[in-house]
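Participant: This is the structure, below, for whatever I ask next.
The values are calculated or read from the model by the stated rules, or taken from the named source; none is laboratory data. What you see is a predicted model, and the numbers here were worked out from it, not measured in a lab. A quick note on method: Cβ atoms are made from the backbone with ideal geometry, for glycine too, and the neighbour counts reach across all protein chains shown. These area figures cover heavy atoms from the full protein model, side chains too; ligands, DNA and RNA do not enter into them. Shrake-Rupley method; radii C 1.70, N 1.55, O 1.52, S 1.80 Å.
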Amino acid sequence: MSATLLDPPPHLSPPTALRLSQQAPLVLASSPASSLPWPISLLTSSETPETWSVHENLLLACLRTGDDRSARQVLDRMVARFGDENGRVMALRGMYEEAVAKDKGALEKVLKEYETTIQADPTNMPIRKRHIALLRSLGRPTDAIAALTYLVDSSPTDAEAWAELADLYASQNLLSQAIYSLEEVLLITPNAWNIHARIGELLYLSAISNGEGGGSYKGFAEAMRRFCRSVELNDGYLRGFYGLKLATSRLLSLQAPKRNDVSAEDLPLPPVTTIEKLNELATSKLAEIVRRGSAKEAGWGGYEEAELIAARELLDRDGAKVVR
Amino acid sequence: MGQPVVQTIHRDPALFYWILLPITVVMVLTGLLRHYFMTLLQTAPKKQTLPQIRQQRSLVRGINLRTNANVLSPSSFQARKAYMVSAYQEGKFLADPDSRGKPRPNPMSDPAMMEGMMGMMKGNMAMMVPQTLIMGWINAFFSGFVIMKLPFPLTPQFKSMLQSGVGTRDLDVRWVSSLSWYFLTLFGLQPVYNFILGSNNAASQVTQQMGQVNPGAGMMGPEQDPDKLFLSEAENLEVIEHQWILEGVEDRLLAKMAV
């Protein structure tokens, strides 16, 4: 999988980010703006929308790898092209200032700047998001949650914001709020298998904290169904199978409650045979992914090393139990 | 039987250099100029205020809930439905709650509407003024010239199209007059502009007219009352039949993977 500056993967691994940021001199050498005076420059400039996506991604990669000087140059170009007042450029400049800030005091100053910008123009979504991200990285999650709930109230179709809110809630151990936010994400992107699996994970966690009893059994069953949906949408999704295996093992170890304490509104609990079959399916599929993914077979790349190790560890634990 | 007589007219080659080429070049250049002129004239779309964004996106949220309801569990869906319906009916998301229930103001008195109309006027003027000038120029200098011969035969119906300004009954249809050439270039240069300016240009009148058919169309055009939209969306939500996608997912998955 080759990462380009035009379309980098959402999660850059450190070596890829370094490789991308090393392309900075190349991009900076070719100027998109023409040096000719105005009417002629319109005809000779070679800029396309892609030019600026490349610049933006380059800026992010440079900030990440600590190449602040190239970042500054890229940023200056964007400011020269789009002006100071463009929301997106403002957010990128904010990111740059956050990156070069020496201590907490400097970050607080950036935060103040964000707040004045938001007061001047409350519709500036990129800056609002930077504001929330900075609040979070300053270790003030409650403030971040407050700002973010205000954001999703005024812009409830923003899947990114809802997902961030879910993450913040989950970090504060407010699991039901986190699940609610993730459901909002699903309403916007109904086929996002990772969100289905994430809801499954949160349901699983909240079922664990519920302790023993019929309620937690129901929680595990719902988590299992979420994982099922996620691997139904993507049959190579390691996290989905991992969760499916965990949830089904939990269910098999628990005593199924009697039928009558399940409310009629929700789905009936799945029969034990189905759970066993699902457990087997998840085990075999995980084993296949681990085997082929570690061998780096063609078409099986792209699994993260850490996830593969965790999956192997889960399988080994399971195998050890059987031997014993 | 003799062959049909082929009409031959000896044209001065200067006709080509001094009429056909100038008309074509002028038409192309006018199109290019109009494109840049329109780009200059375009006012940036007015920024929405936060309550307006909230109003619009809240409606979209209701629509999302309606179309993708099957990802939610029944209890969660019922809770959301109850909240959205009551909020819609109370008008909680309205940008301007005070004007609820009042009739819409006259669009002529609304400055935002006036701005849109001004934009349309500008577009029309940029179209009409140069065309009037060029047509006057051609009529004054080149009227009555036969400037080229098409390399293929045509039926007599094309006579009025190809020979406007030349009042000769017996002239073969293949001869094209200068005024007709002007009309042909006026309507036929769109591909040339696409080639020079890219497909999203404002050079031709065709795209101009397309843009005017529905100015400011969208979810919440200025003519629509947001309150009415919310109420109808609330009704839509009320009648929706909910089915959870997780129902029977285990069996589906097992059947799919069993192969």
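Participant: What distance in nm lies between label points placed 7 Å from Cα along the C-beta direction at A:R317 and A:R69?
Facilitator: Computed distance between label sites A:R317 and A:R69 equals 4.9 nm.
Participant: Can you list the HN-Hα couplings for region B:117-129, worked out from phi with the Karplus curve (6.51, -1.76, 1.60; θ = phi - 60°), rounded to whole Hz and with x for Gly and Pro?
Facilitator: Karplus-based 3J(HN,Hα) across region B:117-129 equals 5, 4, x, 5, 4, 4, x, 5, 5, 4, 7, 7, 4 Hz.
Participant: Note down the relative contact order for region B:13-257 as a percent, whole number, built from C-alpha pairs under 8 angstrom at least six residues apart.
Facilitator: Rounded, it is 34 percent for region B:13-257.
Participant: Going by alpha carbons, how many degrees (0 to 90, nearest 10) lie between the helix axis of A:68-82 and the longest principal axis of chain A?
Facilitator: 70
Participant: With a Förster radius of 22 Å, plug the Cβ-Cβ distance of A:T189 and B:N70 into 1/(1 + (r/R0)^6) and report the FRET value to the nearest 0.05.
Facilitator: Efficiency for this residue pair is about 0.95.
Participant: Also, I was wondering about something else. Using helices alone, I'd like the mean residue ellipticity at 222 nm for the protein assembly as shown: each DSSP H run of four-plus residues gives -39500 (n - 2.57), total over residue count, nearest 500.
Facilitator: Rounded to the nearest 500, the figure is -21000 deg cm²/dmol.
Participant: If you don't mind, there's one more thing I want to ask. Could you name the lysines in cross-link range of A:K296, using Cα to Cα under 21 Å and dropping any fewer than eight places away on the same chain?
Facilitator: Leaving aside lysines fewer than 8 places away in the same chain, those within reach of A:K296 are A:K285.
Participant: Relative to the longest principal axis of the C-alpha atoms of chain A, give the angle of the C-alpha long axis of helix A:305-323, reported between 0 and 90° and rounded to the nearest 10°.
Facilitator: 10
Participant: Rank A:A311, B:P191, B:V129 by how far each Cα sits towards the positive end of the charge dipole of the protein assembly as shown (+1 on Lys, Arg Cβ; -1 on Asp, Glu Cβ) and give me just the farthest.
Facilitator: B:P191
Participant: Using alpha-carbon pairs under 8 Å, 6+ residues apart, how would you state the relative contact order of region A:191-324 in percent?
Facilitator: The normalised contact order for region A:191-324 reaches 22 percent.
Participant: How high is the relative contact order of chain A, given as a whole-number percent (alpha carbon pairs under 8 Å, six or more residues apart)?
Facilitator: Worked out over chain A, it gives 8 percent.
Participant: A follow-up question, please. Sort A:H131, B:H10, A:H196 by heavy-atom solvent-accessible area, probe 1.4 angstrom, most to least.
Facilitator: B:H10, A:H131, A:H196
Participant: Next question. Based on the Cβ-Cβ distance from B:L171 to B:N124, what FRET efficiency comes out when R0 is 35 Å, to the nearest 0.05?
Facilitator: 0.45
Participant: Can you work out the FRET efficiency for the pair B:A140 and B:F187, with r the C-beta to C-beta distance and R0 = 22 Å, to the nearest 0.05?
Facilitator: After rounding, the FRET efficiency stands at 0.50.
Participant: Straight-line reach from B:K159: which lysines fall under 27 Å, measuring Cα to Cα and dropping same-chain residues less than 8 apart?
Facilitator: B:K149
Participant: Under the definition of partner shielding as Cβ atoms of other protein chains within 10 Å of a residue Cβ, what is the mean value for peptide A:274-286?
Facilitator: Mean number of neighbouring Cβ atoms from other chains: 2.
Participant: A further question follows. Working from Cα positions, state the angle (0 to 90°, nearest 10) between the long axis of helix A:214-233 and the longest principal axis of chain A.
Facilitator: Value to nearest ten degrees: 50.
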